[in-house]
Structure formats: structure tokens, C-alpha cells
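A.B. asks: Could you have a look at this structure, given as C-alpha cells, before my questions?
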Amino acid sequence: MDKANVSETEERTFQARIDAEEKIEPKDWMPEKYRRNLIRQISQHAHSEVIGEQPEGNWITRAPSLERKAILMAKVQDEAGHGLYLYAAAETLGVTREELIDRLHTGASKYASIFNYPSLTWADIGAIGWLVDSAAIVNQVSLQNTSYGPYARAMVRICKEESFHQRQGYNIMMTLMKGAKLQREMAQDALDRWWWPSLMMFGPHDGESAHSAQSMKWKIKRRSNDDLRQQFVDQAVQQAEAIGLVVPDPDLKWNDARGHYDFGAIDWQEFERVISGNGPCNRQRLAHHKNAHDEGAWVREAMAAHEAKQRSKARDVA
Amino acid sequence: MADQMQLYEVFVRSRRGLDHKHVGSLHADDSAQALEYARDVYTRRGEGVSIWVVASRDITASQESDCESFYDPLDDKPYRHAAMYELPEGVDSL
Ligand SMILES: [Fe+2]
Ligand SMILES: [Fe+2]
């Protein structure tokens, strides 16, 4: 058999596995495009976990009580862990951590555009936990069935840790809504600012999404952007109403025939602007990450030097 | 010492999509041989689709006596669990 034939047979075996709902594991043959598509998606997901620490970290020192501070620290610590699980999953595809971080810094690799918005008040920490983590969970639950084994297993681990994230955020909103007028207004203002960016988290409409069709065929993605977005809206509207918040969408209304909420048009120009680097905090987010990375260089160097010393000591003993 | 076989730990993935699980250990001269032995010893009835072997001496493990310093501080952090946060009426799941 010549080379083309070999890869054709392999490609057929690969697709048959996917069609049979079997997972692809790191040492399996896979099409180069599948590998690249996965590296793009997993690393984007990893970067989002890590960059997402910034808007929340912004409030750790200013949390209104010691308990809220401990909770927020625990959540941000979890997000760092999620980043690690995902970078490790991406590395099983033959890319290095250094390359991934470098692509983040050059802008070649993206992260969720929502983290380019500022967290202006304490209520924003409530809105982020409730809306942003809820949206992430809707997406991540569907990705527990993604076709690549290490990615699917990372999602299972992450989903287990996420439920406290949305609960603590919703709890902040609920507490504010039981408070004074100023506090209720603060909660509503946070919802007003975070609602639409949360809907954008699911990405472009199904018809416009660049990677969707192939990703669905390979079962990297399991449900369409619009499908996931609808589920999020249906859940969040009910949750908002239960604590007296008003979703900032005049076109929002229950559609009995569909069994879902209809909602207004998303401002895709804003999405484009923010994802392409011109949101309120893009430069700040990247600069902060780069700075932290550069300032940590001496720690990595010191650890490598220590490691080398230990090894040479062990060699001397042997 | 040189002609003594080494101990290897064996991990088997029972099905695609699942983690490799530790199933036991065996003696072998090198890792290729350990892999063959593992196949013969641990997967005679189709128990797995993939095997990992790792030299036991390459494993760094925590000790049960480390438990306190490793895990103790986690007991007083109930806020890491969703169950701590009560939901208002009308919201059944979150
Ligand atoms: Fe996360
Ligand atoms: Fe989270």
C-alpha cells in the first residue's frame, strides 16, 4: 500500500471510532486538522480559565467580609487549576506549554471575550459567578462527551468543581437583592452590563460559525452554539426573576409554541470588536499576564538550577 | 544487584475514554518486557485496551502519615461545596 492509501484507511478507522461514540486517545492516529482544531479549542479554553482570574482577583482584597474573601480565593484557585488541567490535555497533542503561552501573548490564540470587561463593583463578582460560570457550565457539560479522551476527562473533573462557583455568585446577587435600595441597584446594574456579553460567550450563530460544522462531525463540539445559548437563557431568566432582577432585554418573552424564551438580537459588532482586541480591558489583561509571566521567570530559573544541583549530587553519590 | 529484576507498576485502561487504573505490579528486566508480562498477567480476558507500565522506583508517593499536612486544612472549607449555598424558592436547579 502506498502512503495515501495508508492514511485513507487510518482516516476511515478514525471516523468510524468517532461515529461509534468511542474516544480518541493521545497515541491514536488522527487527522492533522483534528489535532490542530483541538489544540486551538483546548488552549483557548485554558487561556480563558487563567485570564478569567483577573476580573475576579480584582476584588479579593476588597471582598465585603472575611468569608466572602475566602470563598472568592477558593474560586479563583479552582480556575487556576482548570487552566492547568486544560493545558495538560492540550500538551498530550504534542504542543508545549511554552508555545501555548507564547501564542496567547502574541494574540495568535484567543480567550473568552467576556474577560475583557471590567469588574467595577462587588456585584460584578456576583454576576460573573452566576452568569459567566453558568454559561461556562452549560458548554462544559456538553463537552464531557467530546471525542478526545483527555479533554473529556478534564471536563468531567472541571464540571464537578464548577457548581459551587455559580452558586456563590448567585448567592451574592440574592443577598444584595435582599438589601437596601443601593445594593439592589448595584446588583441590577451588574446584570445589565454582564447579560449581553454572557450571551456572546457561546459564539456566533450556527450559520456563521467558522469551525462549527467540522467540529460537530468530529464530535469535538457536541451541541451547537445557538442550542447552548438557548439553554442558558431559559435557565438564567428564571433565576433572575426568582430574586427580583430584570433581564435587560425588551424583546425577551416566553414562547409557548417553542417551549423556550425568545430573546433580542445580539450586537455582533461589539463581539467582533472585543474579540479582535478592542474591548475595554484587552490590553490590560494581556499586559498583566505577560508581566506576571516575566516576573516569575527567576522562580522558574531558580527551580531549574536547584533541580540540576540535586541531580549532580545524586550522580556524585552513585 | 544488576541481574535482579525490577518491580513495575501496571496501569490498564479498560475502555477508551476512561483513565488508566492501577491493577497491580510485576517483575521484569526492562519496560518492554514488563509490557509483555503485563499483557499476559493482567489482560488475559480482554480487561483493557491500553497498558502503562512504570518502574516502581520512579513513583514518588505521599504517605498516609502526611495526611494532616496534606489534607487537614480542607475540612474547614465547606464553602467549596455547592450544598452550602441555599437556593431561593422558584429555583430548583443551578
Ligand atoms: Fe473554570
Ligand atoms: Fe468556574
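A.B. asks: Among the numbered criteria (1) within 14 Å of chain B (Cβ to nearest Cβ); (2) more than 16 Å from ligand 2 (Cβ to nearest atom); (3) of a type outside the set (A, V, I, L, M); (4) surrounded by fewer than 19 Cβ atoms within 10 Å (Cβ to Cβ), which one does residue A:144 miss?
C.D. replies: Looking at each condition in turn, residue A:144 falls short on (2).
A.B. asks: Given the residues A:214, A:188, which is the only one that is out of contact with any Lys or Arg (no Cβ under 7 Å at 6 or more places or on another chain), part of a helix (DSSP H, G or I) and within 14 Å of residue A:247 (Cα to Cα)?
C.D. replies: Step by step, each of A:214, A:188 is checked, and only A:188 is out of contact with any Lys or Arg (no Cβ under 7 Å at 6 or more places or on another chain), part of a helix (DSSP H, G or I) and within 14 Å of residue A:247 (Cα to Cα).
A.B. asks: How about region A:164-218: which of its residues are open to solvent by 40 Å² or more (accessible area, probe 1.4 Å) and within 16 Å of ligand 2 (Cβ to nearest atom)?
C.D. replies: A:167, A:201
A.B. asks: Further, regarding this structure: Residues A:257, A:287: which one is surrounded by fewer than 13 Cβ atoms within 10 Å (Cβ to Cβ) and closer than 22 Å to residue A:106 by Cβ?
C.D. replies: Going through A:257, A:287 in turn, the sole match is A:287.
A.B. asks: Restricting the search to region A:75-111, which residues are surrounded by 15 or more Cβ atoms within 10 Å (Cβ to Cβ), touching a residue at least 24 places away in the same chain (Cβ under 8 Å), over 22 Å from residue A:147 (Cα atoms) and within 16 Å of ligand 1 (Cβ to nearest atom)?
C.D. replies: Hits for region A:75-111 are A:75, A:78, A:79.
A.B. asks: Being acidic (Asp, Glu) and under 16 Å from the mean Cα position of the chain (by Cα) is the filter; apply it to region B:48-72 and report the residue that is surrounded by the most Cβ atoms within 10 Å (Cβ to Cβ).
C.D. replies: Among them, the one singled out is B:58.
A.B. asks: How many residues are without any contact (Cβ under 8 Å) to a residue 40 or more places away in the chain, more than 14 Å from residue A:131 (Cβ to Cβ) and of a type in the set (S, T, N, Q) when one looks only at region A:199-251?
C.D. replies: Final tally of qualifying residues: 5.
A.B. asks: Let me ask another. Go through region B:46-89 and give me each residue that's assigned to a loop (DSSP other than H, G, I, E, B), away from chain A (no Cβ under 14 Å) and at pLDDT below 90.
C.D. replies: B:46, B:47, B:61, B:62, B:63
A.B. asks: Shifting gears a bit: Is there a residue being β-branched (Val, Ile, Thr) and assigned to a helix (DSSP H, G or I) anywhere in region A:12-21?
C.D. replies: Yes.
A.B. asks: Right, something else. Scan region A:223-250 residue by residue and report those that are open to solvent by 40 Å² or more (accessible area, probe 1.4 Å) and within 15 Å of residue A:136 (Cβ to Cβ).
C.D. replies: A:223, A:231, A:235
A.B. asks: If residue A:40 passes every condition in (1) of a type outside the set (S, T, N, Q); (2) open to solvent by 70 Å² or more (accessible area, probe 1.4 Å); (3) closer than 18 Å to residue A:139 by Cβ; (4) in contact with a helix residue (DSSP H, G or I) (Cβ under 7 Å, 6 or more places away or on another chain) but one, which one does it miss?
C.D. replies: (4)
A.B. asks: Which one of the conditions (1) over 20 Å from the mean Cα position of the chain (by Cα); (2) open to solvent by 60 Å² or more (accessible area, probe 1.4 Å) does residue B:28 fail to meet, given that it meets all the rest?
C.D. replies: (2)
A.B. asks: Take the residues of region A:147-163 that are assigned to a helix (DSSP H, G or I) and open to solvent by less than 10 Å² (accessible area, probe 1.4 Å): which is nearest to ligand 2 (Cβ to nearest atom)?
C.D. replies: Among those that are assigned to a helix (DSSP H, G or I) and open to solvent by less than 10 Å² (accessible area, probe 1.4 Å), it is A:162.
The values are calculated or read from the model by the stated rules, or taken from the named source; none is laboratory data. Quick caveat: nothing in here was measured; it's all calculated off a predicted structure. Cβ coordinates were reconstructed from backbone atoms using ideal geometry, including for glycine residues, and neighbour counts include every protein chain displayed. What goes into the accessible areas is simple: the full protein's heavy atoms, side chains included, and nothing from ligands, DNA or RNA. Shrake-Rupley method; radii C 1.70, N 1.55, O 1.52, S 1.80 Å.
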